[in-house]
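Written out below as structure tokens is the structure these notes cover.
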Amino acid sequence: MRKPLYHVFVTQESQPDPQGEKNTWWTKIGVAFAHHGKPGLNVVLTPGIAVSGKLVLLEPRDDGDTTQVTQPV
């Protein structure tokens with residue numbers, strides 16, 4: 001099986017804390033593969049999940065940990 005070029009994430013921003021800071025939660029919802037010999041990508045989403053909002057495609061990391069990460073905005 002081919003390796004995906006990208007992991008697909010949906011992001012969700014938290015409400016500001018008392019200091020006014022927000023966090024963004026990144027949840028992996030699928031992967032993206034290149035077309036065979038043509039420009040473009042095939043995006044394969046995890047079955048059974050509802051998705052809305054912004055989708056982000058990121059290259060896979062070497063450590064393999066892409067299930068969910070939290071990053072400050």
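Placing R0 at 25 angstrom, the Cβ-Cβ distance between H35 and R61 gives a FRET efficiency of 0.60 after rounding to 0.05. Full extension of the chain between L5 and K28 gives 6.9 nm of extra length, using 0.36 nm per residue less the Cα-Cα distance. Measuring with a 1.4 angstrom probe and ignoring ligands and nucleic acids, K22 comes out at about 80 Å² accessible.
Whole-Hz Karplus values for the range 16-31 come out as x, 7, x, 8, x, 8, 10, 10, 10, 9, 10, 10, 6, 10, x, 9 Hz, taken residue by residue from phi with 6.51 cos²θ - 1.76 cosθ + 1.60 and θ = phi - 60°; glycine and proline positions read x.
The values are calculated or read from the model by the stated rules, or taken from the named source; none is laboratory data. All of these numbers come straight from a predicted model, not from anything done at the bench. As a convention, Cβ positions derive from the backbone with ideal geometry for all residues, glycine included, and neighbour counts pool all protein chains shown. Just so you know, the surface numbers come from the protein's heavy atoms only, side chains and all, with ligands and any DNA or RNA stripped out. Shrake-Rupley method; radii C 1.70, N 1.55, O 1.52, S 1.80 Å.
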